[in-house]
1. Consider B:Val71 against the criteria (1) aliphatic (A, V, I, L, M); (2) closer than 21 Å to B:Ala196 by Cα; (3) more than 20 Å from the chain's Cα centre (by Cα): it satisfies all of them except one. Which criterion is unmet?
2. Here is a list: B:Thr248, B:Thr233. Which entry is of a type outside the set (Gly, Ala, Ser), closer than 24 Å to A:Ala54 by Cα and in contact with a His (Cβ under 8 Å, 6 or more places away or on another chain)?
3. Would you pick out the residues in the stretch B:96-118 that are over 15 Å from B:Ser29 (Cβ atoms) and polar (S, T, N, Q)?
4. Which of the numbered conditions does A:Tyr148 fail, given that it passes all the others? Conditions: (1) more than 15 Å from A:Lys8 (Cα to Cα); (2) outside any strand (DSSP E or B).
5. Would you call B:Phe154 assigned to a helix (DSSP H, G or I) and of a type in the set (Phe, Trp, Tyr)?
6. Could you figure out which of (1) of a type outside the set (A, V, I, L, M, F, W, C); (2) within 18 Å of A:Glu2 (Cα to Cα); (3) surrounded by 20 or more Cβ atoms within 10 Å (Cβ to Cβ); (4) touching a strand residue (DSSP E or B) at 6+ places or on another chain (Cβ under 8 Å) isn't true of A:Glu111?
7. Hey, could you check the stretch A:11-25 for residues that are surrounded by 23 or more Cβ atoms within 10 Å (Cβ to Cβ) and more than 9 Å from chain B (Cβ to nearest Cβ) and say which is farthest from B:Glu20 (Cα to Cα)?
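The values are calculated or read from the model by the stated rules, or taken from the named source; none is laboratory data. The model shown is predicted, which means the values in this text are computed figures rather than measured ones. In this analysis, Cβ positions are derived from the backbone assuming ideal geometry, glycine residues included, and neighbour counts consider all displayed protein chains.
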There are 2 protein chains.
Amino acid sequence: MEVQTTAKKIVKASEGKLSEVYFVACGGSLVDMYVSDYFIKAESKKLTSGWYTANEFVHVPPARLGKTSVVILCSHSGSTPETVEAAKVAHKAGAQTVGLTYNKKAALLPESDYSFVYEWGNEREVRNNPMAIMLDLTVSIVHELEGYGHYDVFRKGMDIIDTVVGNAEDEVLPRTKEFAERYKDEPMFYVLASGASYGHAYGFAICSLMEMQWLDAAPIHSGEFFHGPFEVTDKDTPFIMAMGLGRTRDLDERALKFLGKYAEKVEVVDAKELGLDLIDDSVSEYFNPILFYSVLSKYRFALSQVHDHDLDARRYMGKVEY
Amino acid sequence: MEVQTTAKKIVKASEGKLSEVYFVACGGSLVDMYVSDYFIKAESKKLTSGWYTANEFVHVPPARLGKTSVVILCSHSGSTPETVEAAKVAHKAGAQTVGLTYNKKAALLPESDYSFVYEWGNEREVRNNPMAIMLDLTVSIVHELEGYGHYDVFRKGMDIIDTVVGNAEDEVLPRTKEFAERYKDEPMFYVLASGASYGHAYGFAICSLMEMQWLDAAPIHSGEFFHGPFEVTDKDTPFIMAMGLGRTRDLDERALKFLGKYAEKVEVVDAKELGLDLIDDSVSEYFNPILFYSVLSKYRFALSQVHDHDLDARRYMGKVEY
């Protein structure tokens with residue numbers, strides 16, 4: 001489905017009264033929604049939003065969920081039971097639903113008023129990944145409903161994000177190998193980020209390290225770092241810092257300055273240095289996570305290579321009952 | 001200040017048009033706000049809410065922040081610069097502000113339209129702790145604005161929470177010593193919870209373990225556990241499970257069932273078994289975090305004893321520049 005047309009249809013079907021957008025998924029798909037939820041909170045005066053792991057949404061749906069809500073759901077396989085159930089809960093409450101999946105026969109699709117069956121695997125076309133589709137849809141909904149002042153530069157950003165990410169992936173490749181060599185014996189990593197990027201600190205921890213490599217990990221918000229977490233800092237603790245562009249960069253810089261003094265194992269992945277500043281300042285922060293996902297996937301791959309650990313290997317997921 | 005009177009004043013000052021409540025703080029104070037934010041999302045049809053680490057709120061204030069918003073801020077010392085700055089940002093946008101602190105001379109107070117200088121140290125009076133004050137204020141605001149169907153039983157819960165928590169603390173004491181003895185050599189813990197309690201999984205990780213004991217830790221939402229994190233499970237990985245009462249208990253039970261099969265180091269802290277079911281089912285989930293804070297503090301203390309680690313010892317906070 002075409003994103004901008006869908007945005008228009010959603011706003012029209014609500015008779016212009018759209019009031020909430022809920023983002024509902026599990027794990028990696030939920031991670032991909034973080035930036036869209038963040039965008040609404042930061043930019044919309046008419047809409048509110050919520051970001052829910054699907055089973056919590058099913059058990060405790062938001063009180064406001066109803067006819068003027070839209071619920072965006074994503075499941076790569078399309079059959080995540082909690083996400084399919086959440087779509088049913090949303091429908092029952094009278095909300096519009098948008099479903100994203102890779103699977104044309106997904107159980108999520110019959111529960112979706114609008115759907116996007118995305119492509120997957122071409123690392124050079126991030127624009128067609130669910131994260132970019134959902135962000136584009138969200139920004140387009142806000143623009144359709146109330147006007148978004150930076151919509152034109154946002155569109156220009158979308159037009160060049162594939163190129164920006166491709167260049168960044170090439171640039172970072174040698175570094176990922178050095179990273180993997182240096183950190184190959186580490187059992188645990190902290191991942192820092194802020195603003196629109198925080199979702200990917202969480203995502204790199206739970207998906208790329210815990211799920212795919214069985215390594216211990218924890219995300220830390222750069223703004224929270226100084227209010228507890230930083231006391232674990234020492235020369236032996238590894239930190240990965242996703243330095244974003246935009247309004248919360250100050251928070252990342254402050255954390256990095258501290259780490260520069262008291263830590264010795266710090267890997268910095270800097271969106272600015274990797275060329276995201278080709279996108280206009282007014283919107284670049286919303287593209288941080290798209291860049292970080294792709295670039296951090298290269299780090300993930302390099303680490304898996306030194307461990308000779310297949311990133312698709314699971315010991316529980318899809319293998320045992322739970 | 002008296003909670004219910006304050007709720008009435010806030011609603012009245014907004015001319016009944018109150019539309020958002022933002023919860024803004026850092027670290028442990030932010031943790032204490034999680035349940036209030038959760039309550040609004042779960043129960044209010046008229047209000048929306050947001051939960052912000054203060055420096056992110058300062059750098060990217062929500063677009064909706066304005067005259068019909070109330071911003072609740074908390075700083076134990078009363079001088080956390082990011083929180084004081086957030087209060088200024090809120091005021092500048094025309095929002096009402098509520099400040100909570102332990103310090104009568106707090107820099108936060110002149111920026112607070114309403115303030116609560118709470119007491120601290122009497123572990124048997126949790127009702128006067130900031131978490132309970134903020135929850136009571138939030139529930140009272142919702143009730144004042146639109147009516148909350150379970151307000152009477154909520155009030156009864158508040159009346160007995162001190163007793164419930166006191167009993168639970170006594171009951172759990174021997175177990176905390178066994179826990180500390182068993183886990184004294186562990187360098188890292190995962191802390192699981194869901195629903196209203198998730199804030200305290202985060203809080204136990206960042207405050208009680210990372211900040212106070214320099215131990216590695218990570219919170220996991222019980223609902224997210226099966227979508228990535230559970231792949232780290234093995235017989236050597238320690239998990240602390242805060243089993244709550246209420247609508248998301250299913251999520252905790254599912255995670256616990258899995259851990260029962262594949263993990264061997266699992267400490268269960270069960271609100272039901274510890275007597276929280278004395279509070280009516282319709283509201284007990286909102287009291288989970290009040291119980292968990294007090295009970296988990298006993299676990300924290302026992303662990304610090306076996307390590308001979310002073311819980312007030314810091315290596316960076318308040319000692320170096322950052």
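1. Single failed check for B:Val71: (3).
2. The unique qualifying residue is B:Thr248.
3. Answer for the stretch B:96-118, where residues must be over 15 Å from B:Ser29 (Cβ atoms) and polar (S, T, N, Q): just B:Gln96.
4. Every listed condition holds for A:Tyr148 apart from (1).
5. Spelling it out, B:Phe154 is indeed assigned to a helix (DSSP H, G or I) and of a type in the set (Phe, Trp, Tyr).
6. It fails just one condition, (2).
7. By that ranking, first place goes to A:Val24.
Residue by residue, here is whether (1) buried (at least 20 other Cβ atoms within 10 Å of the Cβ); (2) at pLDDT 95 or above; (3) in contact with a Lys or Arg (Cβ under 9 Å, 6 or more places away or on another chain) holds:
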| site | (1), (2), (3) |
| --- | --- |
| B:Trp214 | no, yes, yes |
| B:His221 | yes, yes, no |
| B:Gly228 | yes, yes, no |
| B:Met241 | yes, yes, no |
| B:Thr248 | yes, yes, no |
| B:Arg254 | no, yes, no |
